[in-house]
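A quick write-up on the structure given underneath.
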Amino acid sequence: MEVKIELQYLPCLEYFACILSSDRIYIDVNEKYQKQTYRNRCSVLTANKVDTLTVPVKSYEAASLTRDIQIDYSQDWMRRHLGCFKSAYGKSPFYEYYAPELLDVFQRKLSFLVDLNYELLTFCLRLVGIKKDIQYNLSGYSEEEKGTFNAISLINNRKASKSSDFYQPEPYYQTFGNDFVGNLSIVDLLFNMGPESRLILSRSCKSLSS
């Protein structure tokens, strides 16, 4: 299966299940940017609740492309995000192994959202052990792309139901709470399960589990 999808910020497990169950992935950075989506936010599990972390962006025109969206560093969002990761996962089994490299990505203070998301996705794919044919900068369909499944904005935080085309929750150890919370950011899985993350994701893929 070939899939076309947008870049997201430290994506949820459904995003990685989509990648894992696909043969080829086209990541479109020329698509129209949509605010208040996973393009610039992610969800993590803290001691009290599921917390949403948002990367603020500079003002942009209504029809702006995702590739043109710039990060707003006038807001102190990095301190909040990194502080949240530490408070939520500081005692998780694999935090100390993965956090330093994650911190390095943020400290580069990349100007554009797509660059930050790309670097974080590359980092996470390597830790999970996913090696796929991923192509970037695709926009629109060509004759060669007929049959590619368009998943742009399909994996989102506005779903009215819990249904998913790619993901089915596979419980794993989480630091907080007795009730498992599924489909959080990939960092939740990585910090808690480390090398076992690939196995959990494989079991979470509908097409691989069915």
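The values are calculated or read from the model by the stated rules, or taken from the named source; none is laboratory data. Keep in mind the model is a prediction, meaning the values are calculated, not measured. Virtual Cβ from ideal backbone geometry, glycine too; neighbours counted across all protein chains shown. These area figures cover heavy atoms from the full protein model, side chains too; ligands, DNA and RNA do not enter into them. Shrake-Rupley method; radii C 1.70, N 1.55, O 1.52, S 1.80 Å.
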Exercise. Yes or no: Q8 open to solvent by 10 Å² or more (accessible area, probe 1.4 Å) and of a type in the set (S, T, N, Q)?
Worked result: no
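Would you pick out the residues in segment 72-104 that are among the aliphatic types (A, V, I, L, M) and surrounded by 15 or more Cβ atoms within 10 Å (Cβ to Cβ)?
Start the filter on segment 72-104 by keeping residues that are among the aliphatic types (A, V, I, L, M), which leaves 78, 82, 88, 99, 102-103.
Result: M78, L82, A88, A99, L102.
Quick one: would you say I130 is in a loop (DSSP other than H, G, I, E, B), in contact with a helix residue (DSSP H, G or I) (Cβ under 9 Å, 6 or more places away or on another chain) and either modelled with pLDDT of 95 or more or open to solvent by less than 30 Å² (accessible area, probe 1.4 Å) (or both)?
On the way: in a loop (DSSP other than H, G, I, E, B): yes; in contact with a helix residue (DSSP H, G or I) (Cβ under 9 Å, 6 or more places away or on another chain): yes; either modelled with pLDDT of 95 or more or open to solvent by less than 30 Å² (accessible area, probe 1.4 Å) (or both): yes.
Considered against the rule, which asks whether it is in a loop (DSSP other than H, G, I, E, B), in contact with a helix residue (DSSP H, G or I) (Cβ under 9 Å, 6 or more places away or on another chain) and either modelled with pLDDT of 95 or more or open to solvent by less than 30 Å² (accessible area, probe 1.4 Å) (or both), I130 comes out as yes.
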Problem set entry | Count - residues of segment 15-71 that are among the aromatic types (F, W, Y) and open to solvent by 20 Å² or more (accessible area, probe 1.4 Å) | 2
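Any idea which residue in segment 182-199 is nearest to E170 (Cα to Cα), counting only those that are among the hydrophobic types (A, V, I, L, M, F, W, C) and open to solvent by 10 Å² or more (accessible area, probe 1.4 Å)?
Within segment 182-199, the subset among the hydrophobic types (A, V, I, L, M, F, W, C) is 184, 186-187, 189-191, 193, 199.
Imposing the further condition that a residue be open to solvent by 10 Å² or more (accessible area, probe 1.4 Å) reduces the set to 193, 199.
Working: M193: 12, L199: 10 Å.
Result: L199.
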Exercise. Considering segment 133-156 alone, what residues qualify as being at pLDDT below 80 and surrounded by 12 or more Cβ atoms within 10 Å (Cβ to Cβ)?
Worked result: L138, S139, Y141, E145
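Just the residues that are over 24 Å from E6 (Cα atoms) and not charged (D, E, K, R), please, taken from segment 86-111.
Initial filter on segment 86-111 (over 24 Å from E6 (Cα atoms)): 86-100.
Listed by number, the residues that qualify are S87, A88, Y89, G90, S92, P93, F94, Y95, Y97, Y98, A99, P100.
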Exercise. Name the pairs whose Cβ atoms lie under 6 Å apart, with the first residue in segment 166-181 and of a type in the set (S, T, N, Q), the second surrounded by fewer than 13 Cβ atoms within 10 Å (Cβ to Cβ), and 6 or more positions between them or separate chains?
Worked result: none
